[in-house]
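Everything below concerns the one structure shown next.
The values are calculated or read from the model by the stated rules, or taken from the named source; none is laboratory data. Worth saying up front: this structure is predicted, and the values here are computed from it rather than measured. Note: ideal-geometry Cβ built from the backbone for every residue, glycine included; neighbour counts use all protein chains shown.
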Amino acid sequence: MKLPDNAVLLDVRQADEFNAGHIKGAVLVPHDTIAEKIGAVVPNKNTPLFVYCRSGRRSAIAVEAMRKLGYTDLTDLGGMDDAKKRLRK
């Protein structure tokens, strides 16, 4: 899967996890800060957002939170291993 040119790849893990390794080009917005921070990181609610975490649990929580905030183009990539596999295709 190739991301659209205007897409944002969001890593919703914690900073220590992100610093230990992340997918190239990903932006860190921890899932428990989505409501406070996503508007500054991605102000356009129609921007395609591709979201991942470690196992898929936090990405699902983050996607639901962003949906409630009015974001419209959301893809939950699940855990990091699954996300890497999907992005390679």
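The table below gives the values:
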quantity	calculated
Residue ID - farthest from Leu3 (Cα to Cα), chosen from residues in the range 33-59 that are β-branched (Val, Ile, Thr) and in contact (Cβ under 8 Å) with a residue 24 or more places away in the chain	Ile34
Scan of the range 1-13 for residues that are surrounded by fewer than 17 Cβ atoms within 10 Å (Cβ to Cβ) and either touching a residue at least 12 places away in the same chain (Cβ under 8 Å) or of a type in the set (Lys, Arg) (or both), ordered by number	Met1, Lys2, Leu3, Pro4, Asn6, Ala7
Residues located in the range 15-63, provided they are part of a helix (DSSP H, G or I), buried (at least 18 other Cβ atoms within 10 Å of the Cβ) and in contact with a helix residue (DSSP H, G or I) (Cβ under 7 Å, 6 or more places away or on another chain)	His31, Ile34, Ile38, Arg58, Ala62
Contacts under 8 angstrom Cβ, first residue in the range 60-89 being free of Cβ contacts under 8 Å to residues at least 12 places away in the same chain, partner part of a strand (DSSP E or B) and surrounded by 16 or more Cβ atoms within 10 Å (Cβ to Cβ), 6 or more apart	Arg67/Leu74
Residues being among the basic types (Lys, Arg) and not in a helix (DSSP H, G or I) - total across the range 64-89	1
Number of the exception - Leu87 against (1) at pLDDT 95 or above; (2) over 10 Å from the mean Cα position of the chain (by Cα)	(1)
Filtered residue count, the range 74-89, keeping only those that are in contact with a helix residue (DSSP H, G or I) (Cβ under 7 Å, 6 or more places away or on another chain) and surrounded by fewer than 17 Cβ atoms within 10 Å (Cβ to Cβ)	0
Test result for Gly56, on the phi > 0 side of the Ramachandran plot and either of a type outside the set (Val, Ile, Thr) or within 10 Å of the chain's Cα centre (by Cα) (or both)	yes
